[in-house]
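Structure first, commentary second.
The values are calculated or read from the model by the stated rules, or taken from the named source; none is laboratory data. Since the model is a prediction, treat every value here as computed from it, not as a measurement. FYI the Cβ positions are ideal-geometry reconstructions off the backbone, even for glycines, and counts take in every protein chain you see.
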Amino acid sequence: MTEPLLEIRGAAKTFHVGSAEVKALKGVDLSVGKGETVAIVGESGSGKTTLANLVLGIEKPSAGEIVLAGRPLSGRRSKADRRQIGLVQQNPYSTLNPRKSIGQAIGLPLSVHNLCRRSERRRRIGELLEKVGLHPDLQDRRPLALSGGQRQRVAIARALATDPELLVLDEPTSSLDVSVQAHILRLLKELQEELGLTYLFITHDLSVVRVLASRVIVMYRGLVVEEGAVAEVFSQPRHRYTQQLLASIPTISAEDDRLKPDWPWEADVDSMEIVEAGCPFRPRCPFALPACADGTPVLAGPAHHLHACLNPNGAKTRKSSLELMAGQ
Amino acid sequence: MHELLHISNLNLTFETHDGPVHVLHGVDLSVGAGERVALVGESGSGKSVTARAIMGLLPDRRVRIAGRIGFEGADILREPPARTKARRGRDITMIFQDPMAALNPVFKIRQQFTAVLDRVDRRLTGQEAEEHMRAALRDVSIVDPGRVLDSYSFQLSGGLNQRVMIAMALASRPKLLIADEPGTALDVTVQQQTLNIMGNLSQAYGTAILFISHNLGVVRKFADRVCVMYAGRIVESAPTDALFADPRHPYTRALLASVPRLSSDRLPEPIEGSVPDLSKLAEGCPFRPRCQLSRPECDAPVPMRRDAGRSVACIHEASAA
C-alpha cells in the first residue's frame with residue numbers, strides 16, 4: 001500500500017436515545033492509502049454510514065481519532081479541512097435541491113470556499129460538468145430536467161468542486177438502474193485514474209465492490225468482522241457473516257454461482273437480538289460455538305486478510321428454530 | 001398447464017397536460033396456474049403499471065386502456081368493478097416493495113391481519129381468526145406469532161415485516177400473487193431469506209406468482225419464465241435458463257452485460273443513450289436508437305417472432321431464425 005491518506009484509529013460512536021445507549025461503532029481501525037479504493041460493506045445497522053459521518057466530520061467520535069494526511073482532524077473542522085473530503089450520496093433525487101439550478105448546486109461549494117472569482121465561475125462550473133461527462137450548458141437547467149444518471153453525475157461534479165483528495169461514496173449507484181449504474185462506475189474509475197482520487201466506498205452491494213475496490217472491510221453491528229484484499233476475501237471468505245453476504249448475491253451466470261459459498265439457508269435465523277459481548281453475528285449464526293459468546297472478537301490472520309471468526313470451517317453447531325419447529 | 005392469467009394486446013395511455021403518453025404497447029403475457037413468471041425491466045418500462053392494471057388499481061380518469069386481461073375466463077377490463085374488487089385480496093393478492101411503507105404504523109399487526117381475513121371469509125369467529133393468523137405466521141417461519149401480532153410494524157425488523165406481508169398475501173390461498181420488487185428495500189441476506197420463504201410457500205399452496213423486478217439475479221433464481229420489458233413493450237420472453245444462457249434481443253443482451261459479475265473485476269458495459277420519451281415514441285423498435293445492430297428496417301413495426309416457448313421482438317432474430 002502507498003502511504004496512508006486516511007487513518008481511522010479506534011473510532012467509536014455511541015448515540016444516546018432517551019436513557020438508552022446505542023453503540024453504533026465499537027472501535028474501528030482502518031487505513032486507506034493514497035489513490036486506493038476501500039469498500040465498507042455491511043447491512044443497515046452495521047455502522048458503515050456512522051463511520052462515514054465521522055470521516056466527514058458530520059458526527060464527532062465518542063472515542064478514537066480520524067487522521068488525514070498525517071494530521072488528526074478535530075471534531076470541529078476548519079474550512080481547509082472540509083475542502084479535503086467530498087461526499088456523493090445515494091439518492092440523486094433527494095440530494096439536489098429541485099428549486100436551484102445545476103449551476104447553483106455545483107457553485108455553492110465554490111463560493112463557500114472562495115475558490116474562484118465571480119467572472120470565472122461559469123467557466124469553472126462548465127469545466128466540472130465536462131469532467132463528469134455532461135454538457136457545460138446543463139448548468140442553467142434544474143434537476144427535474146435531468147435523468148437519474150445525469151443527476152448522480154452532477155452530485156459527483158459538486159463533490160469535486162473543492163478539489164478534494166478523498167471522496168466518500170455512500171451507495172453512489174444503489175438507486176440507479178443497472179445500465180445507468182455501469183456508466184457511473186466507469187466514470188468513478190476514470191476520475192480516480194485522472195485525478196488520483198482516494199475513495200471510501202460504502203455499500204451493501206458486493207457485486208459492485210468487486211469492480212471498484214481493491215480492499216474491502218466487512219462490518220457487522222459496529223465491528224469490523226473481516227478485512228482484506230477484495231480478490232482474497234471474495235474467493236475465501238472466512239467470517240460466517242461474509243459468507244452469508246456473498247451467498248446472498250443474486251448472480252446471473254453459472255460461472256458466478258460457483259464462486260458463491262454454500263450457506264445453510266434452511267438453518268437461518270432472523271434475529272434482531274443485540275449481544276453485548278462476543279461475536280455480534282452469534283445470534284444469527286448456525287455455526288456459533290460456546291466460545292463465540294466470550295470477550296470481544298479480535299481480527300487475526302495475515303495482513304492481507306484478517307477475520308474475527310472462531311468457526312470459519314467447522315460444521316453447523318445448532319438447529320434453527322425453524323428446523324426445531326419442523327421436527328416437532 | 002392450465003392458463004390462469006392471459007393478457008393480450010394490452011395498450012395503455014395516460015392523458016397528461018402535455019398530451020398522451022403511451023405507457024403500454026401491445027403487451028401479451030400469460031401466467032399458468034402455479035407458474036412463476038417474472039417481468040423485468042428498468043424504471044419506466046411499464047412493469048408496475050401492468051401489475052396495477054391486473055389488480056384494477058388504475059384510476060379511471062385520464063387512463064385509456066384497450067386489449068384484454070383475462071383471468072380464469074373473465075375479462076378484468078370489461079366486468080363490473082364490483083367483480084374486480086371482490087377478486088382483489090382474495091384470488092389475486094399483491095406484495096409491495098417496502099414492507100415498512102405497506103403496513104400501517106398506527107395499527108397493530110393483529111388489526112391489519114384481521115382486516116385481511118375479513119375479506120377472505122366474513123364468517124370467521126374471533127377465535128378462528130386468531131388461530132388462522134397464528135398458523136399463517138408460523139408458515140412464514142415466525143416462531144412467536146403472538147408477539148408479532150401484538151406489535152406495531154415499527155417494532156419489527158424489515159425481514160419480519162416482509163414475512164408478515166407474505167403471510168397476509170397468502171392467507172386467502174390466492175391463485176395469483178403479484179410481487180412488485182419484493183424485498184428490494186431489505187438487506188441482501190434478509191431478501192434472500194424472504195424470497196426462499198415466499199417461493200416454498202407459494203409452491204406448497206399452488207399459487208402462481210407474477211414477479212416484478214429490476215434485478216436480473218433475483219429473477220434468475222426465482223422465476224420459471226422471464227419477460228423482458230422495454231418502453232412499455234415485452235421485447236423478449238423465454239424460459240429462465242434459456243434466457244440467461246442465450247439472450248436474443250439486443251436489449252436483453254445489453255442489460256445482462258451491464259450487471260457487475262462476481263467472476264470478473266472488469267467494469268460492466270453500460271448501455272449508451274437513454275430510455276425513450278414515451279410521449280414521442282414512433283412506430284418500430286423502441287430500442288433502435290441505442291442498438292448497435294439497428295438498420296433502416298427497424299423503423300417498421302417489429303413482429304414478435306415465436307418459436308419453442310420463446311418470443312423475441314427483433315427483426316435480426318427473425319432473419320436469423
* Asked: Is it the case that B:ARG147 is more than 26 Å from B:ILE54 (Cβ to Cβ), in contact with a helix residue (DSSP H, G or I) (Cβ under 9 Å, 6 or more places away or on another chain), surrounded by fewer than 20 Cβ atoms within 10 Å (Cβ to Cβ) and within 14 Å of chain A (Cβ to nearest Cβ)?
  -> no
* Evaluate segment A:58-79: report whether one residue or more is crowded, with 17+ Cβ neighbours inside 10 Å, touching a residue at least 40 places away in the same chain (Cβ under 8 Å) and within 30 Å of A:ASP177 (Cβ to Cβ). => no
* Filter result for the condition that a residue is under 30 Å from B:ASP187 (Cβ atoms) and either modelled with pLDDT under 95 or among the small types (Gly, Ala, Ser) (or both), over A:PRO61, A:PRO72 -> A:PRO61
* Asked: With respect to A:ARG240, is the statement that it is charged (D, E, K, R) and more than 9 Å from chain B (Cβ to nearest Cβ) true?
  -> yes
* Restrict the check to segment B:300-311 and report whether at least one residue is out of contact with any Asp or Glu (no Cβ under 8 Å at 6 or more places or on another chain), assigned to a loop (DSSP other than H, G, I, E, B) and at pLDDT 90 or above. => no
* Filter result for the condition that a residue is more than 24 Å from B:GLN192 (Cα to Cα), facing chain A (nearest Cβ under 9 Å), basic (Lys, Arg) and surrounded by fewer than 20 Cβ atoms within 10 Å (Cβ to Cβ), over B:ARG266, B:ARG310 -> B:ARG266
* **Where A:SER174 falls short, out of the listed (1) free of Cβ contacts under 8 Å to residues at least 40 places away in the same chain; (2) surrounded by fewer than 23 Cβ atoms within 10 Å (Cβ to Cβ)** => (1)
* Asked: Can A:LEU322 be described as assigned by TED's automatic domain parsing to the domain that holds A:ARG9, modelled with pLDDT under 90 and not in a loop (DSSP other than H, G, I, E, B)?
  -> yes
* Of the residues in segment B:162-202, how many are surrounded by fewer than 21 Cβ atoms within 10 Å (Cβ to Cβ), within 14 Å of chain A (Cβ to nearest Cβ) and either closer than 19 Å to B:ALA101 by Cβ or basic (Lys, Arg) (or both)? -> 4
* Structure fact -> Going through (1) within 22 Å of A:GLY149 (Cα to Cα); (2) within 21 Å of the chain's Cα centre (by Cα); (3) surrounded by fewer than 21 Cβ atoms within 10 Å (Cβ to Cβ) one by one, B:GLY206 fails only at (1)
* Under the condition of being small (Gly, Ala, Ser) and either more than 13 Å from chain A (Cβ to nearest Cβ) or touching a His at 6+ places or on another chain (Cβ under 7 Å) (or both), which residue from segment B:232-256 is surrounded by the fewest Cβ atoms within 10 Å (Cβ to Cβ)? -> B:ALA242
* If you go through segment A:14-21 one residue at a time, do you hit one that is in a loop (DSSP other than H, G, I, E, B), more than 22 Å from A:GLN152 (Cβ to Cβ) and not aliphatic (A, V, I, L, M)? -> yes
* **helices (runs of 4 or more DSSP H) contained entirely in segment A:99-179, each with at least 3 residues that are hydrophobic (A, V, I, L, M, F, W, C) and closer than 20 Å to B:PRO270 by Cα** => A:148-160
